[in-house]
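Single-structure report; data block below.
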Amino acid sequence: MMSPNPAKKHNAHLNVGPPLWLLAELTYRCPLQCPYCSNPLDFAQTEKELTTDEWIRVLRQGREMGAAQLGFSGGEPLVRTDLEELIGEARSLGYYTNLITSGLGLTEAKVNAFAQAGLDHIQVSFQASDPELNNAIAGSRKAFDQKLKMATAIKQAGYPMVLNFVIHRHNIHQMKDIMALCKGLDADFVELATCQYYGWALENREGLMPSKAQLVKAEHEVNDYRAELEASGSAMKLIFVTPDYYEERPKACMNGWGSLFLTVAPDGTALPCHSARLLPIDFPNVKDTALKSVWYDSPGFNHYRGDAWMPEPCRSCDEKGKDFGGCRCQAYLLTGSADNADPVCSKSSYHDRILAARKSADHSAIGIADLVYRNSDNSRLFFKS
Amino acid sequence: MDISTDNVLRLRRGFRFQWEPAQQCHVLLYPEGMVKLNESAGAILGEVDGKRSVKDIVAALEQTFPEAGALANDVCQFLEHACNQHWLEVS
Ligand code: SF4
Ligand code: SF4
C-alpha cells in the first residue's frame with residue numbers, strides 16, 4: 001500500500017470492489033478430451049501445480065478480501081488427492097463451495113465425504129461430445145449411467161442438483177430430451193450452455209457452432225419448456241446460454257474486467273477470467289504476490305479496468321457502461337488486438353468476421369470425428385516456443 | 001403462491017444465509033449465485049428456521065422491533081416473494 005504504483009494511480013478514481021467470486025482451477029489434468037475445453041491450448045506445458053498449502057493460503061486471502069463464492073474446477077478437480085481437505089478449509093472459512101466436475105472418478109463415498117467436509121454444491125457436466133457419451137445420448141447406456149448414478153447420489157446426499165450440458169451443433173437437436181432427462185432427475189438448476197469460442201472451442205468453431213435455424217428452434221423449445229415448468233409450479237430453473245455470435249451487442253464479459261471474478265490457474269497465475277491467459281498481458285502469480293496486491297495493484301488486473309483504455313468505436317459509445325466493450329479475449333482472438341471492441345458488436349469494423357462464422361455454421365459439414373480433441377498430443381502441437 | 005401464517009418455511013436445499021463482513025450485509029448464497037439482502041430482508045430470513053410458523057416469526061420480529069408496529073403484512077409479502085423465487089419452501 002505504500003509504494004506508489006503507476007497502474008494503481010492511473011485507476012485511482014475507480015472504485016474497485018472486492019472479488020466476490022474466486023475460481024480455483026486446481027489442475028489441468030483431466031481424463032476427458034472435450035473438443036470445447038476452455039483450458040489453454042498449450043495446457044500440457046503447465047505441469048507445476050500449486051501445493052495444498054499454497055492453495056490454502058490463497059483461499060484464506062480471498063476470503064479475507066470478501067470472496068463468498070468459491071469454485072473448484074480444472075481440468076478435473078477430482079484428480080487432486082487433497083480435494084477433501086481443500087473443501088473443508090474453504091467451508092470453515094465461510095465460502096459457498098462449488099465443485100465443477102465431469103463426474104468421472106466420482107463415487108458415492110466421495111459424494112458423502114465431501115458433504116461431510118462441507119461442500120455446498122456439485123455441478124455435474126455432461127460431455128455430450130466425447131464419443132462414448134455421444135453414443136449414450138443416442139441410446140446406449142454405459143458412460144451415461146455413471147453420471148446418472150452420481151446425479152442421484154448427489155441429490156440423495158442433500159445437495160442441490162445442478163446439471164450442465166454443453167450444447168453445440170451436434171446435440172442441440174436433443175434439447176427436449178435433455179430437459180426431460182433433467183426433469184426426471186429432479187434437477188434444481190440446469191445450465192444449457194453453448195460453448196464460448198476460445199481455446200479448443202475456437203479451433204473447432206466451425207464444427208461446434210449451431211446454425212441460426214438450430215438456435216431459433218432450441219430457443220423455442222426452451223421457452224416452451226420453461227412455461228410448462230412454471231405452470232406446474234416446478235422449481236427447476238433452466239438457464240440457456242446462447243452463443244454471442246448471433247447477437248449484435250457483446251455480453252458484459254465477467255461483469256467488467258477485474259470487477260467480481262478472480263481465477264487462479266493450476267500453476268498459481270492469477271487471471272481476471274479463466275481464458276485471459278491467452279492475452280499478451282503479464283499476470284501475477286499467487287506464489288510470490290499476495291492476493292490483495294494481485295487484485296488491486298497488479299498492472300494485469302488494472303489493464304482493462306474503467307474505460308480510459310478504449311479506442312473507438314467504444315470510446316464515444318453511450319453503451320460502454322453496459323457491456324464494457326465486450327470480451328477482451330474474443331477481441332484479441334478475432335481482431336488481433338485485445339483493445340478493440342468485441343467484434344460481436346455490429347459497430348465493430350471486424351463484425352464481418354462474426355458474419356462469416358455465422359455463414360459457415362449454415363454450411364458446415366464437420367462431423368464429430370473431425371473435431372480436434374483436447375489431449376496432450378494435440379496440446380503440444382499448439383505450443384509455440 | 002400464497003402462504004398462510006400457519007406455514008413453516010425453510011431454506012431450499014443448497015441455499016445458505018449468512019452475514020458477509022466485507023459487504024456489511026446478509027446474503028443468500030446458492031449454486032453460483034448470491035443475493036444481497038437489505039436490512040429488513042436479512043432480519044426476516046434470519047428468523048426462518050424450518051421450525052417456527054410464519055405467525056411465530058412475525059411475533060418474534062415485532063418483539064425485536066417494537067417501534068415498527070404491526071409487521072404481519074410486510075413479513076408475509078416478503079416471504080411470499082422469497083417462496084416465489086424458490087429461495088424458501090414450505091416444510
Ligand atoms: S471441458 Fe472436458 S476436457 Fe476440459 S477440463 Fe472439462 S471435462 Fe476436461
Ligand atoms: S461500440 Fe463498444 S461499447 Fe458500444 S456497444 Fe459496441 S462493444 Fe459496446
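How many of the residues in the stretch B:1-12 are in a loop (DSSP other than H, G, I, E, B) and either away from chain A (no Cβ under 11 Å) or more than 22 Å from residue A:236 (Cβ to Cβ) (or both)?
6
When residues of the stretch A:324-347 are filtered for being in a loop (DSSP other than H, G, I, E, B), without any contact (Cβ under 8 Å) to a residue 40 or more places away in the chain and crowded, with 23+ Cβ neighbours inside 10 Å, how many remain?
Residues flagged as in a loop (DSSP other than H, G, I, E, B), without any contact (Cβ under 8 Å) to a residue 40 or more places away in the chain and crowded, with 23+ Cβ neighbours inside 10 Å within the stretch A:324-347 amount to 2.
Out of all the residues in the stretch A:281-296, is one or more within 14 Å of ligand 2 (Cβ to nearest atom) and part of a loop (DSSP other than H, G, I, E, B)?
No, there is no match, as no residue in the stretch A:281-296 is within 14 Å of ligand 2 (Cβ to nearest atom) and part of a loop (DSSP other than H, G, I, E, B).
Regarding residue B:75, is this residue part of a helix (DSSP H, G or I) and more than 14 Å from chain A (Cβ to nearest Cβ)?
Against the criterion (part of a helix (DSSP H, G or I) and more than 14 Å from chain A (Cβ to nearest Cβ)), residue B:75 qualifies.
Quick check: anything in the stretch B:1-12 among the polar types (S, T, N, Q), open to solvent by 60 Å² or more (accessible area, probe 1.4 Å) and over 14 Å from the mean Cα position of the chain (by Cα)?
No, because not a single residue in the stretch B:1-12 is among the polar types (S, T, N, Q), open to solvent by 60 Å² or more (accessible area, probe 1.4 Å) and over 14 Å from the mean Cα position of the chain (by Cα).
Return yes or no: is residue A:78 within 16 Å of ligand 1 (Cβ to nearest atom) and not small (Gly, Ala, Ser)?
yes
Restricting the search to the stretch A:185-203, which residues are out of contact with any His (no Cβ under 7 Å at 6 or more places or on another chain) and open to solvent by less than 10 Å² (accessible area, probe 1.4 Å)?
The answer is A:187, A:190, A:192, A:197, A:200, A:201.
Just to verify a result, which residue in the stretch A:89-112, among those that are open to solvent by less than 60 Å² (accessible area, probe 1.4 Å) and aliphatic (A, V, I, L, M), is nearest to ligand 2 (Cβ to nearest atom)?
Once the filter is applied, the top-ranked residue is A:100.
Residue by residue through the stretch B:13-32, note down the ones that are facing chain A (nearest Cβ under 7 Å), in a loop (DSSP other than H, G, I, E, B) and either at negative phi or open to solvent by 60 Å² or more (accessible area, probe 1.4 Å) (or both).
Within the stretch B:13-32, B:13, B:22, B:23, B:31, B:32 qualify.
Output the residues belonging to the stretch A:30-70 that are closer than 21 Å to residue A:102 by Cα, modelled with pLDDT of 85 or more and open to solvent by 40 Å² or more (accessible area, probe 1.4 Å).
A:49
Criterion first (within 14 Å of chain A (Cβ to nearest Cβ) and over 10 Å from the mean Cα position of the chain (by Cα)) does residue B:50 satisfy it?
yes
Quick one: residue A:264 ticks every box in (1) hydrophobic (A, V, I, L, M, F, W, C); (2) touching an Asp or Glu at 6+ places or on another chain (Cβ under 7 Å); (3) under 24 Å from residue A:357 (Cα atoms) bar one, so which box is it?
Of the numbered conditions (1) hydrophobic (A, V, I, L, M, F, W, C); (2) touching an Asp or Glu at 6+ places or on another chain (Cβ under 7 Å); (3) under 24 Å from residue A:357 (Cα atoms), the odd one out for residue A:264 is (3).
Can we say residue A:136 is modelled with pLDDT of 95 or more, over 14 Å from residue A:164 (Cβ atoms) and either surrounded by fewer than 21 Cβ atoms within 10 Å (Cβ to Cβ) or more than 10 Å from every other protein chain (Cβ to nearest Cβ) (or both)?
no
Can you find a residue in the stretch B:66-80 that is under 30 Å from residue A:64 (Cβ atoms) and more than 13 Å from the chain's Cα centre (by Cα)?
Looking through the stretch B:66-80, none of the residues is under 30 Å from residue A:64 (Cβ atoms) and more than 13 Å from the chain's Cα centre (by Cα).
Can you go through A:252, A:265 and tell me which one is within 16 Å of ligand 1 (Cβ to nearest atom) and more than 14 Å from every other protein chain (Cβ to nearest Cβ)?
Exactly one residue qualifies, and that residue is A:265.
Could you go through the stretch A:240-247 and let me know if any residue there is away from ligand 2 (no atom under 16 Å from the Cβ) and within 14 Å of chain B (Cβ to nearest Cβ).
Yes, the conditions are met somewhere in the stretch A:240-247.
Taking residue A:321, is it more than 30 Å from residue A:80 (Cα to Cα), surrounded by fewer than 19 Cβ atoms within 10 Å (Cβ to Cβ) and more than 16 Å from ligand 2 (Cβ to nearest atom)?
Judged against the criteria, residue A:321 is not a match.
Cβ-Cβ distance below 6 Å, separation of 6 or more or different chains: which pairs start in the stretch A:100-129 with a residue that is within 14 Å of another protein chain (Cβ to nearest Cβ) and more than 21 Å from residue A:188 (Cα to Cα) and end on one that is assigned to a strand (DSSP E or B) and more than 16 Å from ligand 1 (Cβ to nearest atom)?
Listed by first residue and then by second, the contacts come to nothing, as the list is empty.
The values are calculated or read from the model by the stated rules, or taken from the named source; none is laboratory data. Treat the numbers as computed from the prediction; the structure is a model and nothing was measured. Note that each Cβ is placed from the backbone with ideal geometry, even for glycine, and that neighbours are counted across all protein chains shown. Note: areas computed on protein heavy atoms with side chains; ligands, DNA, RNA excluded. Shrake-Rupley method; radii C 1.70, N 1.55, O 1.52, S 1.80 Å.
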